[in-house]
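Take a look at the structure below.
The values are calculated or read from the model by the stated rules, or taken from the named source; none is laboratory data. Note that the coordinates shown come from a computational prediction; the quantities given were computed from them, not determined experimentally. Heads up, the Cβs are rebuilt from the backbone with ideal geometry, glycines too, and the neighbour counts pull from every protein chain shown. Note: accessible area is taken over every heavy atom of the protein model, side chains too, but ligands, DNA and RNA are not part of it. Shrake-Rupley method; radii C 1.70, N 1.55, O 1.52, S 1.80 Å.
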Amino acid sequence: MENSNNNDNLSRFWFAASNMVPPIGIFLYFRHKGQFPKKARKALIAALAGIPIAIVAGYVMNNYILN
């Protein structure tokens with residue numbers, strides 16, 4: 001069954017917010033996974049990509065910049 005709704009696209013703001021604060025992306029995934037699967041998947045991918053980026057950025061900040 002094809003979804004004829006054109007609103008199945010995550011906005012740039014929510015993509016960036018999901019990437020910077022992964023719990024937002026996880027929340028958006030569970031909120032939209034039934035009605036907007038593409039939007040939900042993009043939010044989840046952004047959230048999961050944000051976790052290693054935050055770990056690396058935290059390591060660099062703690063060991064090289066704030067030292």
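Nearest 500 deg cm²/dmol is fine: what mean residue ellipticity at 222 nm does the chain get from its DSSP H runs of n ≥ 4 alone, each adding -39,500 (n - 2.57), divided by its residue count? Helix contribution divided over all residues of the chain: -21500 deg cm²/dmol. Positive end of the dipole of the chain (Cβ unit charges, origin at the Cα centre): among 64, 18, 52, the Cα lying farthest that way belongs to 18. Based on protein heavy atoms only, the chain ends up with 79 Å² per residue of surface accessible to a 1.4 Å probe.
Compared with the dominant principal axis of the Cα atoms in the chain, helix 37-60 is inclined by about 0°.
Computing mean projected area of the Cα convex hull in nm² directly from the structure and comparing it against (i) 4.4; (ii) 4.8; (iii) 7.0 singles out (ii). Ligands, DNA and RNA left out, the 1.4 Å accessible surface of the chain is 63% carbon and sulfur atoms. Between the Cα long axis of helix 22-32 and the first principal axis of the chain there is an angle of about 10°, rounded to the nearest 10. The charge dipole of the chain, taken about its Cα centre with unit charges on the Cβ atoms of Lys, Arg (+1), Asp and Glu (-1) only, comes to about 100 debye.
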